[in-house]
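The values are calculated or read from the model by the stated rules, or taken from the named source; none is laboratory data. For clarity, every value in this text was computed on a predicted model and none was experimentally measured. Reconstructed Cβ throughout: ideal geometry from the backbone, glycine too, with neighbour counts over all protein chains shown. Just so you know, the surface numbers come from the protein's heavy atoms only, side chains and all, with ligands and any DNA or RNA stripped out. Shrake-Rupley method; radii C 1.70, N 1.55, O 1.52, S 1.80 Å.
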There are 4 protein chains.
Amino acid sequence: MRISDDPSTDPADYEFSHQLRVRFAETDAMGIVHHSRYLPMMEEARVAYLRHVGHPYQTIRDEGIEMNVLEAWLRYRRPLVFDDVVDVNVNLAAVERASFQMGYLLTVAGEVRATGITAHGAVTPEGRPTRLPAWLRDVR
Amino acid sequence: MRISDDPSTDPADYEFSHQLRVRFAETDAMGIVHHSRYLPMMEEARVAYLRHVGHPYQTIRDEGIEMNVLEAWLRYRRPLVFDDVVDVNVNLAAVERASFQMGYLLTVAGEVRATGITAHGAVTPEGRPTRLPAWLRDVR
Amino acid sequence: MRISDDPSTDPADYEFSHQLRVRFAETDAMGIVHHSRYLPMMEEARVAYLRHVGHPYQTIRDEGIEMNVLEAWLRYRRPLVFDDVVDVNVNLAAVERASFQMGYLLTVAGEVRATGITAHGAVTPEGRPTRLPAWLRDVR
Amino acid sequence: MRISDDPSTDPADYEFSHQLRVRFAETDAMGIVHHSRYLPMMEEARVAYLRHVGHPYQTIRDEGIEMNVLEAWLRYRRPLVFDDVVDVNVNLAAVERASFQMGYLLTVAGEVRATGITAHGAVTPEGRPTRLPAWLRDVR
């Protein structure tokens, strides 16, 4: 699996959007959100997306499937700062037999802040690769 | 269990010391280490202490005992900043049948920065309280 | 300043409540929320409280006042887990000339999970103690 | 600027190596290190590299240059777990007029765990792009 897409900067290209507010604890001494803190925001939006399509992540976990992260890519276009209200736009970008990619666009009041991609594989709780659930292959 | 001790600000009162360096990711927009980030530093020192007394935390976990945190208390006396080399002094402050307390003193070049206490209980992986390992009751 | 109150476990004793959902990134290998992650949740609720009483934290910062944390105390009564919807109940617990305390009660569906206190001092951006804003002394 | 290199999985291809130990606070409920936690490890190694070449990051900051992160890419090849002793191998992978890339290889006892790239730009404390310090262009 290779990360292949360059995510769109147009929110209209995304199927789902999740809103959150930047915590003070997410900032760093440069006065902006630390670059490592975008991944948990994208994860929160991914979890909200799965809930939205009727498959809460905890349910998937209860059925014996973990979705671990194989790759992640981020482009920081303009810093997020404390108290920003962020729209994390989410897309299911590619689905294969045992893995899928999701694309992200983070905006504040419509202004682009960051784009990202995560690639995921389905694994058993013991960490062995397994097939993706059928609904995920059919969700699009 | 109640947190009862006011930890000493004299490093000589501590049995063990662990050194670490402040990460940039631990700072916040006030330019200092975020107050939530002291707890992982204290945890890192606690884990180093357990290794030092011959009982690495992972070994304890492998034997079916988790040591969850029941209480935590912190006094921030002077901020830590990026790149500070911190001595985390550690003490086993109180040991009872199913719980124990640890005291902490954080210094930079001998100067006091923070004190803290954590109280822990022994639990099974399912989260049920269990007796402390005998060595912990005997360690002092 | 000393932390003095034992926060109530009755949500009715709190003036304000802020709801959030536990992120997967906040869990640890014990399968529960890491004990250091409660402080950012309490901070998020504190920031929401300040917004609620008409004084957003960023506005306070823009007026040249930082509210640093002097002490923090937490009692973990029952673990939070991934995806829990948490009500963080907040109280302004004590106000003095240059410092104040806040009390917290974290519940999930009405069930008590944790209580906490934070003590704060007003400081200038250079870190010098300064008087609390008048509105904060009058807010109760 | 585009992230272009695929970092080598051979430690011999790296100019510098920094060792750290995985904290319990860095794990998640899958029992492995959370994917967002690799970036602070890479940052810690980057800071150690800059110190190693005689230009501590705080000195660079004191001279009015921040090195913000423009892009980040990570490939998670095999999970890190609690207490792993990680060698973070670092390379200065590309240097241009106002930006540079660094490559990373994370190994545990010689075994590959992850690779990554970060791309950085030099900015003033106000966030305006500025030229890279001369020493950085000459360091290789």
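Among the residues of region A:45-60, is any on the phi < 0 side of the Ramachandran plot, of a type in the set (Phe, Trp, Tyr) and at pLDDT 95 or above?
In the first step, residues of region A:45-60 are kept if they are on the phi < 0 side of the Ramachandran plot; the result is A:45-53, A:55-60.
Subset that is of a type in the set (Phe, Trp, Tyr): A:49, A:57.
Within this subset, residues satisfying the condition of being at pLDDT 95 or above are A:49.
Scanning region A:45-60 turns up at least one residue that is on the phi < 0 side of the Ramachandran plot, of a type in the set (Phe, Trp, Tyr) and at pLDDT 95 or above.
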Qualifying positions in region D:94-132 - among the small types (Gly, Ala, Ser), under 17 Å from residue D:44 (Cα atoms) and in contact with a Gly (Cβ under 9 Å, 6 or more places away or on another chain): D:103, D:116
Filter pass, residue A:106 being within 13 Å of chain D (Cβ to nearest Cβ), under 15 Å from the mean Cα position of the chain (by Cα) and hydrophobic (A, V, I, L, M, F, W, C): no
Count of region B:116-140 residues which are open to solvent by less than 10 Å² (accessible area, probe 1.4 Å) and polar (S, T, N, Q): 1
Failed condition for residue C:64, given (1) out of contact with any strand residue (DSSP E or B) (no Cβ under 7 Å at 6 or more places or on another chain); (2) small (Gly, Ala, Ser); (3) modelled with pLDDT of 95 or more: (3)
Selected residue (criterion: surrounded by the most Cβ atoms within 10 Å (Cβ to Cβ)) from residues of region C:21-32 that are of a type in the set (D, E, K, R) and not in a helix (DSSP H, G or I): C:28
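Residues checked against (1) modelled with pLDDT under 90; (2) outside any loop (DSSP other than H, G, I, E, B):
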| site | (1), (2) |
| --- | --- |
| A:102 | no, yes |
| A:106 | no, yes |
| A:115 | no, yes |
| A:118 | no, yes |
| A:135 | yes, yes |
| A:140 | yes, no |
Among (1) farther than 18 Å from residue B:70 by Cβ; (2) surrounded by 14 or more Cβ atoms within 10 Å (Cβ to Cβ); (3) within 13 Å of chain B (Cβ to nearest Cβ); (4) of a type in the set (Val, Ile, Thr) - the single one residue C:95 does not satisfy: (3)
Any chance residue B:29 is under 30 Å from residue C:61 (Cα atoms), within 13 Å of another protein chain (Cβ to nearest Cβ) and of a type in the set (A, V, I, L, M): yes
Selected residue (only one of C:35, C:18 is open to solvent by 20 Å² or more (accessible area, probe 1.4 Å), touching a helix residue (DSSP H, G or I) at 6+ places or on another chain (Cβ under 8 Å) and either on the phi < 0 side of the Ramachandran plot or within 10 Å of another protein chain (Cβ to nearest Cβ) (or both)): C:18
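Inspect all residues belonging to region B:36-51 and state whether any of them is part of a loop (DSSP other than H, G, I, E, B) and more than 11 Å from the chain's Cα centre (by Cα).
The initial filter retains those residues of region B:36-51 that are part of a loop (DSSP other than H, G, I, E, B), namely none.
No, that holds for no residue.
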Unique match (being of a type in the set (Ser, Thr, Tyr) and out of contact with any helix residue (DSSP H, G or I) (no Cβ under 7 Å at 6 or more places or on another chain)) among C:57, C:49, C:104: C:49
Scan of region A:2-15 for residues that are under 13 Å from the mean Cα position of the chain (by Cα) and either at pLDDT 95 or above or open to solvent by 40 Å² or more (accessible area, probe 1.4 Å) (or both), ordered by number: A:14, A:15
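Would you say residue D:38 is at pLDDT below 95 and closer than 25 Å to residue B:84 by Cα? Before the answer, list the steps.
Numbers: at pLDDT below 95: no; closer than 25 Å to residue B:84 by Cα: yes.
Here the answer is no, as residue D:38 does not meet what is asked.
Would you check if residue D:113 is of a type in the set (Lys, Arg) and open to solvent by less than 40 Å² (accessible area, probe 1.4 Å)?
Numbers: of a type in the set (Lys, Arg): yes; open to solvent by less than 40 Å² (accessible area, probe 1.4 Å): yes.
Here the answer is yes, as residue D:113 does meet what is asked.
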Residue match in region B:51-69 (condition: open to solvent by 30 Å² or more (accessible area, probe 1.4 Å), over 27 Å from residue C:79 (Cα atoms), within 8 Å of another protein chain (Cβ to nearest Cβ) and free of Cβ contacts under 8 Å to residues at least 60 places away in the same chain): no
Residues that are closer than 30 Å to residue A:64 by Cβ and assigned to a helix (DSSP H, G or I), drawn from region D:52-75: none
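Any chance region A:76-86 includes a residue that's in a strand (DSSP E or B), open to solvent by 20 Å² or more (accessible area, probe 1.4 Å) and within 9 Å of another protein chain (Cβ to nearest Cβ)? Lay out the reasoning, then the answer.
Our first condition is that a residue be in a strand (DSSP E or B); within region A:76-86, this holds for A:76, A:85-86.
Those left that are additionally open to solvent by 20 Å² or more (accessible area, probe 1.4 Å): A:76, A:85.
In the following step, the residues that additionally are within 9 Å of another protein chain (Cβ to nearest Cβ) were identified as A:76.
Yes - at least one qualifying residue is present in region A:76-86.
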